[in-house]
Amino acid sequence: MAQLTMIQAINQALAQALDQDPAVIVFGEDVGKNGGVFRATDQLQARFGEQRVVDTPLSESAIIGSAIGLAVNGMKPVAEIQFMGFLYPAMDQLASQASRLRFRSAGRYALPLVVRAPFGGGVRTPELHADSLEALFTHTPGLKVVIPSSAYDAKGLLLQAIDDPDPVLFAEPMKLYRAIKEEVPEAPYRIPLGQARVVREGRDATVLTWGAPVWLVHKLAGQLQQERGISLEVIDLRSLIPLDEETIMHSVSKTGRALVVHEAVKTGGFGAELASRIMEKVFLYLHAPVMRVTGYDTPYPVPQVEDEWLPHEERILQAVHELLDY
Amino acid sequence: MLVEFKLPDVGEGITEGEIVRWCVSEGEMVEEDQVLAEVQTDKAVVELPSPAAGKVKRLWAEAGDVVPVGAVLVTIDSEQSATKQLETEQHPQMDRNTEIHKGEHNASSAELIAPAPGRETEQQTAHKLRSGVPLAVPSVRRLARELKVDLREVAGTGKQGRITEEDVRRYAQAREQLAAEQELAPSQMHKSGQQLVQAIQTAEEADQERVQLKGIRRAMARNMKLSLATIAHCTGFDEADATGMIRMRESMQASATEEGVRLTYLPFITKAVVYALKKHPLFNATFNEERDEILFNREINIGIAVDTPQGLVVPVIPQAGQKSILELAREIQGLSEKAREQKLTLREMQGGTFTISNIGSIGGMWATPLIQPPQVAILGVHKIYKKPVVKEDPLEGDQVVIRRVIGVSLSFDHRIIDGAQSARFMQDVIKYIESPHLLLLEAR
């Protein structure tokens, strides 16, 4: 089995999707000749031609608008938005059109489109390039939101997302694009949406996370177990919508404590949604309030301070201790 | 600056207090040390002085609420004092913000000054919780439901008086123990009988009035249950001829009145008990069952059970072994008055080593008083009444005469005191009541 980075796994998934299904079409800014800003679409145009891997003008709204038109007419478009922060100009297309079509047509039309967008911090990008906006989309009924944290998951989840009949925002943590290498099977495979992954089993507290922090939390959990005998259960949600409530509630009712770690700002973040659902479902099992370690309530900061701004080791450790000592 | 005044731990073992009444209202200016509220703990009513001068911004509880130790009672804006005008001039911006947010119920000006992310501290959140609700995390509440424990009855030993899992388990265990002990008592009904009573009670409930036990009444309920559940009670009854004591009191009453003291029988009985305790220090001890230890107290501190409209309270006369009858009388008088006015401080109710319960003025011949743990004995003193008794006379023959006698009931902890010891102690108490002049013989 080949050792692949996440970006290579995504590239492979796109190639296999294009190969298997003539309805699949990949497009976006610089995805063709250039192979994408992160090389996710490298060599795809050379292999599948300009009709299926298309360079678009610099207009996010037009990209998503075209994707909607294509999808509603039987294609399976996979659109790349260079950074999640650039989805703001396309928000109208996503929230007012794409997400509503199934509801509006009383189920007559599906809209099988995938929007790929790198996101997340820790890579010293300029403004608007690192924003974690997943909560905007989880708050938009009709959209699915999928976030892989490993090369293996990226391939399996992306192939599943392309098959999915509804619009899916496929958010790729750019910090992980080349930070990890994993064995990824060559043959196409699919991972169902809405199934969280228990990264590590534990009994003292449950940490719910997704994207880049999964690795940080996993590492810390190992340290805490070894140095202090604290046993954390780490869950990578993988998809926020649909959400794997069963795995979450099972874990939290077992440990009695939950910590949410995400890069997005705190107020109105998906962590708040998780905390609230935990209260609704397993309140009587809690030994402590659900806690959150998140980005601060400011726009994403300049590179000099982003390490402080992001959930980092010290903040997570402190929260774990607060949770356990509550 | 906003000063948050929290309910202090006003005495050992206190986890909550009931606001009897507020002495200030929201918006009122207060001085430092001015009394903010009267709070009734399990043991006494205490006055809480203000920690700062300023304007009362918010009262966090209402009269009648039971508030846990550590909860915020009052928020005082200490800037709203003499320096207010100056401050406002220096920070016009801040003032404007305050104006904008005036309508917000919960926004304190501290929050408005620093609307940074994560601005609400854990403490502030905790203090916003409704007062009077027992503090416990959800998992403890689940346990309480499973064990059918009413959290309002459980004293919390956790952070900020929080009820822990262990508190709930301990409570449930004590309850079981109590139930088991009651089952052993011959007077207890059979299960079917109990069920019948329950059925009748349920049927009658519609006609019943519910009264929530609070403060002293609730404390008494808990203490008495603890007493019965943990102490091996045994009670001896006897009578003393009160004639000697009555005569002595009559002869001394005028002098005492001159001193401004109302002389009752209780100081004489107290003195008699003190002398008996000096001879029998085991009755002035405390018992630690966990360590199988008897601790002999060096001081004799006599608790006097006082009947008040709020319930039974037990102020303590410290170092009673070193006090004269007049001094004892003066202290008993002072403590009783304070008890009835609910003015007793906690200090005045702590440290008792032996208790006297005097219900003579009300009536009744005998009783089985319950011992206050960790004490090991309590003496009940009953009314003086006329009774025909046989007066033995070897020369002229026995005669029936009318004497004035007083009933005494001594409950003792049978774990460490046996019946013979109890009888000897009682005989000494009776001896000093019957022949109070003997007190002089041994007086120091």
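The values are calculated or read from the model by the stated rules, or taken from the named source; none is laboratory data. Bear in mind the structure is a predicted one, so any value in this text is a computation, not a measurement. All Cβ positions, glycine included, derive from the backbone under ideal geometry; neighbour counts span all protein chains shown. Protein only, heavy atoms only, side chains kept; ligands, DNA and RNA dropped before computing areas. Shrake-Rupley method; radii C 1.70, N 1.55, O 1.52, S 1.80 Å.
Values as computed for the structure displayed
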read-out: Residue within region A:135-156 that is assigned to a loop (DSSP other than H, G, I, E, B), out of contact with any helix residue (DSSP H, G or I) (no Cβ under 6 Å at 6 or more places or on another chain) and open to solvent by 20 Å² or more (accessible area, probe 1.4 Å) present; value: yes
read-out: Residue list for region B:331-352, filter: part of a loop (DSSP other than H, G, I, E, B) and either touching a residue at least 12 places away in the same chain (Cβ under 8 Å) or of a type in the set (Gly, Ala, Ser) (or both); value: B:GLN342, B:LYS343, B:LEU344, B:THR345, B:LEU346, B:GLN350, B:GLY351, B:GLY352
read-out: Evaluation of B:PHE296 against (1) in contact with a Pro (Cβ under 7 Å, 6 or more places away or on another chain); (2) open to solvent by less than 40 Å² (accessible area, probe 1.4 Å); (3) aromatic (Phe, Trp, Tyr) (one fails), failing number; value: (2)
read-out: Region B:353-376: number of residues that are part of a loop (DSSP other than H, G, I, E, B) and either touching a Cys at 6+ places or on another chain (Cβ under 8 Å) or under 26 Å from B:ILE294 (Cα atoms) (or both); value: 9
read-out: Qualifying residue in region B:114-134 (condition: open to solvent by 20 Å² or more (accessible area, probe 1.4 Å), modelled with pLDDT of 70 or more, part of a loop (DSSP other than H, G, I, E, B) and more than 14 Å from every other protein chain (Cβ to nearest Cβ)); value: yes
read-out: Selection count, region A:268-284, where residues are within 13 Å of chain B (Cβ to nearest Cβ), in contact (Cβ under 8 Å) with a residue 12 or more places away in the chain and open to solvent by 50 Å² or more (accessible area, probe 1.4 Å); value: 2
read-out: Criterion (aliphatic (A, V, I, L, M) and surrounded by 22 or more Cβ atoms within 10 Å (Cβ to Cβ)) met by exactly one of A:VAL265, A:VAL234, A:VAL302; value: A:VAL234
read-out: Selection from region A:89-113 of residues that are outside any loop (DSSP other than H, G, I, E, B), in contact (Cβ under 8 Å) with a residue 40 or more places away in the chain and within 20 Å of the chain's Cα centre (by Cα); value: A:MET91, A:LEU94, A:ALA95, A:ALA98, A:SER99
read-out: Residues (assigned to a loop (DSSP other than H, G, I, E, B) and either open to solvent by less than 10 Å² (accessible area, probe 1.4 Å) or among the acidic types (Asp, Glu) (or both)) located in region A:114-134; value: A:GLY120, A:GLY121, A:GLU127, A:ALA130, A:ASP131
read-out: Criterion violated by B:LEU213 - all others in (1) under 16 Å from the mean Cα position of the chain (by Cα); (2) touching a residue at least 12 places away in the same chain (Cβ under 8 Å) satisfied; value: (2)
read-out: In region B:142-157, residue most open to solvent (accessible area, probe 1.4 Å) [restricted to those that are without any contact (Cβ under 8 Å) to a residue 12 or more places away in the chain and at the interface with chain A (Cβ under 10 Å from one of its Cβ atoms)]; value: B:ARG145
read-out: Inter-residue pairs, beta-carbon under 6 Å, first farther than 24 Å from B:LYS159 by Cα and in region B:63-87, second in a loop (DSSP other than H, G, I, E, B) and modelled with pLDDT of 80 or more, 6+ apart; value: B:ILE76/B:ALA52; B:SER78/B:ALA52; B:SER81/B:ALA53
read-out: Test: A:ARG100 is buried (at least 19 other Cβ atoms within 10 Å of the Cβ) and farther than 18 Å from A:LEU237 by Cβ; value: no
read-out: Qualifying positions in region B:401-422 - assigned to a strand (DSSP E or B) and open to solvent by 30 Å² or more (accessible area, probe 1.4 Å); value: B:VAL401, B:ILE402, B:ARG403, B:ARG404
read-out: Test: B:LYS383 is modelled with pLDDT under 90, farther than 23 Å from B:ALA44 by Cβ, open to solvent by 50 Å² or more (accessible area, probe 1.4 Å) and among the basic types (Lys, Arg); value: no
read-out: Residue tally, condition more than 7 Å from chain B (Cβ to nearest Cβ) and either closer than 29 Å to B:SER139 by Cα or not in a loop (DSSP other than H, G, I, E, B) (or both), over region A:285-304; value: 9
read-out: Residues of region B:258-277 satisfying the condition of being exposed (fewer than 14 other Cβ atoms within 10 Å of the Cβ) and not in a loop (DSSP other than H, G, I, E, B); value: B:GLU258
read-out: Flag if B:GLU166 is loosely packed, with under 15 Cβ neighbours inside 10 Å and modelled with pLDDT under 85; value: no
read-out: Residue match in region B:423-441 (condition: part of a loop (DSSP other than H, G, I, E, B) and without any contact (Cβ under 8 Å) to a residue 12 or more places away in the chain); value: no
read-out: Given (1) open to solvent by less than 60 Å² (accessible area, probe 1.4 Å); (2) over 28 Å from B:GLN421 (Cβ atoms); (3) not in a helix (DSSP H, G or I), index of the condition B:VAL211 fails; value: (1)
read-out: Subset of region B:46-61 (residues that are farther than 11 Å from B:LYS6 by Cα and touching a residue at least 60 places away in the same chain (Cβ under 8 Å)); value: B:VAL46, B:ALA61
read-out: Residues within region A:244-265 that are without any contact (Cβ under 8 Å) to a residue 24 or more places away in the chain and under 17 Å from the mean Cα position of the chain (by Cα), tallied; value: 0
read-out: Residue in region A:218-227 that is within 26 Å of A:LEU324 (Cα to Cα), acidic (Asp, Glu) and out of contact with any strand residue (DSSP E or B) (no Cβ under 6 Å at 6 or more places or on another chain) present; value: yes
read-out: Sole exception among (1) touching a residue at least 12 places away in the same chain (Cβ under 8 Å); (2) away from chain A (no Cβ under 13 Å) for B:GLN173, by number; value: (1)
read-out: Residue in region A:58-73 that is closer than 27 Å to A:GLU183 by Cβ and either buried (at least 16 other Cβ atoms within 10 Å of the Cβ) or touching a residue at least 40 places away in the same chain (Cβ under 8 Å) (or both) present; value: no
read-out: Complete set of residues in region B:53-64 that are assigned to a loop (DSSP other than H, G, I, E, B) and surrounded by 17 or more Cβ atoms within 10 Å (Cβ to Cβ); value: B:ALA53, B:TRP60, B:ALA61
read-out: Subset of region A:237-262 that is in contact with a strand residue (DSSP E or B) (Cβ under 8 Å, 6 or more places away or on another chain) and surrounded by fewer than 17 Cβ atoms within 10 Å (Cβ to Cβ) - its residue that is nearest to the other protein chains (Cβ to nearest Cβ); value: A:LYS254
read-out: Residue match in region A:35-44 (condition: under 22 Å from A:PRO173 (Cβ atoms) and in a helix (DSSP H, G or I)); value: yes
